[in-house]
Amino acid sequence: MPDGQRERAGSEGRQRQDSIYWDKSEERFIGAVSLGYTPAGKRHRPKASDKTKTEVRRKLRELRKELEQGSKTLANYTVEQAVDGWLAQGLRGRAEGSVCIYRSLARTHITPEIGRTKLKQLEADDVDTWLDGRAELIATTSLKLLLSVLRRSIAHAQRRGRAVRNVTDYVVAPEGRPGRPSKSLSLSQAERILRACAGTSIHAYVVLALLVGTRPEGTRPLTWQHVRLDSNGEEKPHVQVWRSVRRHGEMKTHKSRRSLAMPRHVVAVMTSYRDQQQAALEGSDRSLLPEDLVLPHPSGKLRTAQDVRRNFRGLLKEAELPDPDSWTTRELRSSFVSLLSDHGLRIEDIARGSSTTEWVYRKQLCPVIEAGAEAMDEIFSDKDEAAGP
């Protein structure tokens with residue numbers, strides 16, 4: 001076919017100004033759809049190509065169908081591009097920790113495995129095969145989150161007119177590897193870590209989590225205005241776990257917002273720790289304020305979970321616990337519940353209606369129990385002097 005010669009693709013093509021022509025340099029037929037002009041004034045002409053005119057016509061029909069549906073899957077638009085687009089534009093306002101998790105999942109499990117796959121060619125069977133391969137490496141919860149990242153990335157591409165369908169709508173995440181079982185400190189181990197790193201912020205953190213039962217997400221953002229160390233006759237010393245590291249500072253559920261009484265040992269440790277913080281500010285332009293963080297990073301900012309975990313494992317090394325790197329800060333709470341359960345406190349009094357506490361954190365079940373901070377006073381009554389503030 002001579003250069004420049006064009007053939008209209010039927011009456012429908014003539015109305016829509018679709019065209020098919022032979023490109024000598026490429027040695028293949030090129031089909032183009034005329035969509036007018038872009039805001040920049042350039043002609044907008046999506047194209048399709050193939051070695052036969054029949055195949056080009058078929059591709060033009062598919063392209064038109066997609067355009068009528070309001071979107072078009074670009075021929076070379078990949079899964080990686082869709083995920084990158086969602087990470088860049090679809091997570092505005094999300095917590096930094098969540099964004100880091102999504103980016104890590106994409107970098108580790110999506111981009112290396114199916115990132116180069118053309119989104120237009122991605123099928124549900126491809127996603128199933130990919131997830132089955134990941135199931136040998138990660139837990140079920142992570143698999144569900146991984147599928148969610150891919151699903152939301154494709155949905156974001158659909159909203160931007162870069163995809164027509166979302167094949168993940170037909171996929172269910174498989175069962176993954178069993179998660180690492182949680183564990184609890186024994187009484188002797190608890191006594192040892194309560195003596196370690198005395199006077200430091202991580203020691204105060206451990207005392208609150210182990211003897212009061214505060215959760216990691218509620219302990220890190222704790223401020224002094226929510227720690228009541230003095231008894232006024234009506235109220236016992238207590239800690240108000242009202243804020244969280246979650247977005248907007250809200251707790252996960254309404255029941256998660258609570259005030260927890262502090263055992264005598266905790267009051268002594270926290271009083272000494274507060275006095276230490278006040279002494280460190282002497283000679284400066286400011287004093288300890290109610291809105292100051294109880295357990296700040298040396299920079300004064302909120303500690304990250306990784307920073308607390310690193311310091312916690314350092315404390316475990318000082319306490320000479322075996323395999324300190326195998327512990328997480330959340331297991332301080334499971335240890336809190338187990339110690340109270342072993343002492344005879346009823347699970348209803350510990351959990352106050354929280355089934356999560358009963359079935360996840362309680363590792364050593366006993367038939368019946370009775371009260372909270374008082375029980376910790378009894379458990380560690382002979383160790384207060386040894387542990388020290």
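The values are calculated or read from the model by the stated rules, or taken from the named source; none is laboratory data. The structure displayed is predicted, hence computed values, not measured ones. Heads up, the Cβs are rebuilt from the backbone with ideal geometry, glycines too, and the neighbour counts pull from every protein chain shown.
When you scan region 74-133, how many residues do you find that are surrounded by fewer than 16 Cβ atoms within 10 Å (Cβ to Cβ) and β-branched (Val, Ile, Thr)?
The number of residues fulfilling the criteria is 4.
Of all residues in region 329-344, which are outside any helix (DSSP H, G or I) and under 19 Å from the mean Cα position of the chain (by Cα)?
Correct list: Thr329 only.
What tally of residues in region 303-328 results from selecting those that are surrounded by 13 or more Cβ atoms within 10 Å (Cβ to Cβ), under 27 Å from Ile101 (Cα atoms) and over 25 Å from the mean Cα position of the chain (by Cα)?
Qualifying residue count for the region: 2.
Among the residues of region 157-167, is any surrounded by fewer than 15 Cβ atoms within 10 Å (Cβ to Cβ) and assigned by TED's automatic domain parsing to the domain that holds Leu105?
At the first step, the residues of region 157-167 found to be surrounded by fewer than 15 Cβ atoms within 10 Å (Cβ to Cβ) are 159-160.
Subset that is assigned by TED's automatic domain parsing to the domain that holds Leu105: 159-160.
Checking region 157-167: at least one residue is surrounded by fewer than 15 Cβ atoms within 10 Å (Cβ to Cβ) and assigned by TED's automatic domain parsing to the domain that holds Leu105.
If I ask for residues that are among the aliphatic types (A, V, I, L, M) and assigned to a helix (DSSP H, G or I), which ones from region 127-156 would you list?
Val127, Leu131, Leu143, Leu145, Leu146, Leu147, Val149, Leu150, Ile154, Ala155
Please verify whether Arg57 is surrounded by 17 or more Cβ atoms within 10 Å (Cβ to Cβ), at pLDDT 80 or above and either over 14 Å from His156 (Cβ atoms) or not assigned by TED's automatic domain parsing to the domain that holds Ala32 (or both), treating the condition exactly as stated.
Working: surrounded by 17 or more Cβ atoms within 10 Å (Cβ to Cβ): yes; at pLDDT 80 or above: yes; either over 14 Å from His156 (Cβ atoms) or not assigned by TED's automatic domain parsing to the domain that holds Ala32 (or both): yes.
Yes: the conditions hold for Arg57.
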